[in-house]
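Nothing in this text is a laboratory measurement; each read-out follows from the coordinates by a stated rule. Small disclaimer: the values here were computed from a predicted structure and weren't measured. Virtual Cβ from ideal backbone geometry, glycine too; neighbours counted across all protein chains shown.
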Amino acid sequence: MADRSLGREQLEAVARLFRILAEPTRLRLLQELRAGERTVGELVRRLDLKQANASKQLGELHDAGLVARERDGNEVRYRIADAMVFDLCELVCGKLRRDAQRQIDALGPMGKRSKAVS
């Protein structure tokens, strides 16, 4: 079996990517862009963000290679550059679902009744 250990620089790159994805506003922007290309103005309106904050967060996502941008006259349009980010999100969401299910199961019959009622 091959050694899959990462070197120091690779680990630092992984940590940088996780830091980028640790910001809820950036995750909201990625989620909105999953539906398709958007201008900064559209993202600001749809997500109720301040223009400066949206631009800053989009810049971080762009620098990380997760979104691509293209100037369209006076506007800048953003789109997902690397859909791998959604695979990663699905892995994390799957873990959260499993954790939540374990907590419900640990409550026993009472937890199951509550789940059925809601």
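Computed about its Cα centre, the charge dipole of the stretch 1-82 is approximately 200 debye, with only Lys, Arg, Asp and Glu carrying charge at their Cβ. When the trypsin sites (Lys or Arg not before Pro) in the stretch 19-118 are filtered for DSSP coil states and for at most 14 other beta-carbon atoms within 10 Å of their beta-carbon, the remaining sites are LYS50.
The label point for ARG79 and the one for ALA100, both projected 7 Å from the Cα toward the Cβ, are 3.2 nm apart.
Please work out the ratio of the alpha-carbon Rg of the chain to 2.2 N^0.38 Å and round it to two decimals. Please report the intermediate quantities before stating the final value.
On the way: Rg = 18.9 Å, N = 118, 2.2 N^0.38 = 13.5 Å.
The chain yields a ratio of 1.40.
Across LEU49, LEU30, LEU58, mean-square fluctuation computed from a Gaussian network of the chain (C-alpha pairs under 10 Å connected) peaks at LEU49.
Summing -39500 (n - 2.57) over the DSSP H runs of n ≥ 4 in the chain and dividing by its residue number, what mean residue ellipticity at 222 nm do you reach, to the nearest 500 deg cm²/dmol? Can you show the working numbers first?
Values: 6 runs with 78 residues, N = 118.
Helix-only estimate at 222 nm: -21000 deg cm²/dmol.
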